[in-house]
1. Residues in the stretch 556-572: is at least one in contact (Cβ under 8 Å) with a residue 40 or more places away in the chain and either charged (D, E, K, R) or in contact with an Asp or Glu (Cβ under 8 Å, 6 or more places away or on another chain) (or both)?
2. Could you list, in sequence order, all residues of the stretch 315-335 that are in a helix (DSSP H, G or I), over 18 Å from the mean Cα position of the chain (by Cα) and either of a type in the set (A, V, I, L, M) or at positive phi (or both)?
3. Inspect the stretch 207-224 for any residue being modelled with pLDDT of 95 or more, closer than 16 Å to residue 301 by Cβ and either open to solvent by 40 Å² or more (accessible area, probe 1.4 Å) or of a type in the set (D, E, K, R) (or both) and give the result as yes or no.
4. Given the conditions (1) at pLDDT below 50; (2) of a type in the set (A, V, I, L, M, F, W, C); (3) within 17 Å of residue 118 (Cα to Cα), and given that residue 42 satisfies all but one, which numbered condition is not satisfied?
5. Being in contact (Cβ under 8 Å) with a residue 24 or more places away in the chain, closer than 19 Å to residue 49 by Cβ and either among the acidic types (Asp, Glu) or touching a helix residue (DSSP H, G or I) at 6+ places or on another chain (Cβ under 7 Å) (or both) is the requirement here; does residue 130 meet it?
6. When only residues in the stretch 407-451 that are of a type in the set (A, V, I, L, M, F, W, C) and touching a His at 6+ places or on another chain (Cβ under 8 Å) count, which is least open to solvent (accessible area, probe 1.4 Å)?
7. Of all residues in the stretch 452-496, which are open to solvent by less than 10 Å² (accessible area, probe 1.4 Å), outside any helix (DSSP H, G or I), closer than 19 Å to residue 404 by Cα and among the aliphatic types (A, V, I, L, M)?
8. Restrict the check to the stretch 570-580 and report whether at least one residue is open to solvent by less than 70 Å² (accessible area, probe 1.4 Å), in a strand (DSSP E or B) and within 28 Å of residue 324 (Cα to Cα).
Amino acid sequence: MKKKLLSFVLTAAMVFTVSVPTMAFAGTDTAAVSTATAAPVISETKASDIVSGLGMFSPAEGSTSIQIDKYKGTAKITFTTTPQKVKTTKLALVSQAATTAKKEKNAISAVVTPAGEKFVSTFTFEIPVSKLGTAMPYSVFWEGASDPANDGWHNFSDASKAVLTVKYTPALVSALTSAIYFQERTEGTDALCEAAGKAWAALTEEEQKQVEGFGYYKDEEEEKGGYEYFAEDTGDASKDKTRNADKIGDYELLVASFGTSYNDSRAASIGAIEKALVKANSSFAVRRAFTSQIIINHIQARDGIRIDNMDQALERAIKNKVQVVVVQPTTLMAGAEYDEIVESVKKYESKFKQIIVAKPICSNDADTKTVSEALYEDTAKEAGMTVEEAKANKETAFVYMGHGTHHDAKVLYEEIQKIYDDNGYANAFVGTVDGVPESTTLENVIAAVKAAGFKKVILRPYMVVAGDHANNDMAQEWGEAFEAAGFEQTSQIIGLGELTAVQDVAVKNAKAAISKAAVAKSTTATVKSAKKAFTVKITAKSGMSGYEYRYATTKSKLTTAKVRSAKAGKTFTVKNLSSKKTYYVQVRTYKKTPSGKKVYSKWSTAKKVTTK
């Protein structure tokens, strides 16, 4: 949802410092909870966000800084202690029971500053984000104690209280969320998602409502994250099948989608397309990849569910020794997202025998017409009308909201409008969130609907999923704009992926791509005994480029046996063997790709034969 960026500065009545909560843009390296000034804070009041179990060693209020590194998944912690009579010159995040050598190895040196007759110590150190919210044992090194015996690594009488905790706070949740609102997967992504989820769950309901959003776009006053990031009810995540399992096999159909964090819509649209593809393509294992890392992270942090991005999905395919990959995008057009999918695939072309990218949903006029008419029919049905009744309706307009794009593929939206205009759908209007092409801006669409004399509008997304844009940009902002313009308006929050006609187009496109794939058919052989030999006749399979066989004296030796070429349909003899010796024989086919690579079938079940 677009919201005006909250601008605020919190000040604290502390000596020598002002603590300013800073909201980092997603493009920066760190997300900060608060930033301490260069001068050390001198305060007798203990901090509430970083706390110690021992009163005599405590971070001071207003001195704390927690910076989240979204690349490494670490937190840089800075704090200044409340004034102490002794100089605390070192801190080690290890138990008091640890050896002196271990304490020295882990020692963090302090900047010690006089505070009247006392001293304050400022420490800066880095911890994994998994340590946030946990009680971390610590040891301190004293100098200048009234009793010299207390100098050095000091042991407190109650060691169980010598723990330091970076507390889960609304500000920390906001910083962690900002760190994962990032389109690049990093080495710290998984840890950050887990930490953000744990931090949110640890807050009270009242604290959760205090979680602020953060500025994301530098050129727009738009806020992301905040309370709704975790709290908005988008449905049951467990109903969605992520399809990121191993044991893929030789052939994979990878369904590439932008994705959505709206759980119900994800299952009903993307999930439905995937399910249709599974049903239609039994020889190819269907797997999923999302192109939006931001959405992947949102689902992982909020629901604890992991979904592969394109790189992860293709790396998984490599690990599973997949030979042929067909990628079926769920994008409507061959636009920017489609181009990104193609670029992702190019990086992995040499890793597979063959990899093919299928066409998007609206790749030609016929499919675009099919999708557009199916959408109109379902809109009418949801409104309690037949198609004929809807076409004849002079009061109610159907307004379809697409995404919009600056890519050359933006002509699709004008083509959709032309399909409606040319086929008697006079009450159908096409707009876009981005307002590109210009005819699709909200202002122009409202003007067109008004000029046509309609009094009511039904808003519906022309998008595969009914996610954030449908629920917020369309149902709220567009709905309010139409009401302000004098229209009665309702919204249908239904993605294109829920329509059988759209699923059928995806199935058709996938089958067309699979028809170009080199698929090796399994075969069998007839094996007969001969004098110090055996004969083999391989069953021919249509369309295969060649056949191979191997044999060994035990089944276990087959995997290392020499592989030989053969012709199918004709009997050949394997000679010069030992008499009365048992052998195991396997055969397979291969199909050549256009580039000449061989795609192999599975080896047949081993046939046992004993020579004469």
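The values are calculated or read from the model by the stated rules, or taken from the named source; none is laboratory data. All values derive from a computational prediction rather than experimental measurement. Virtual Cβ from ideal backbone geometry, glycine too; neighbours counted across all protein chains shown. Quick note on the areas: whole protein, heavy atoms, side chains included, nothing else; ligands and nucleic acids left out. Shrake-Rupley method; radii C 1.70, N 1.55, O 1.52, S 1.80 Å.
1. Taking every residue of the stretch 556-572 in turn, none turns out to be in contact (Cβ under 8 Å) with a residue 40 or more places away in the chain and either charged (D, E, K, R) or in contact with an Asp or Glu (Cβ under 8 Å, 6 or more places away or on another chain) (or both).
2. Matches in the stretch 315-335: 318 only.
3. no
4. Exception for residue 42: condition (1).
5. yes
6. 436
7. Result: 459, 466.
8. Scanning the stretch 570-580, I find no residue that is open to solvent by less than 70 Å² (accessible area, probe 1.4 Å), in a strand (DSSP E or B) and within 28 Å of residue 324 (Cα to Cα), so the answer is no.
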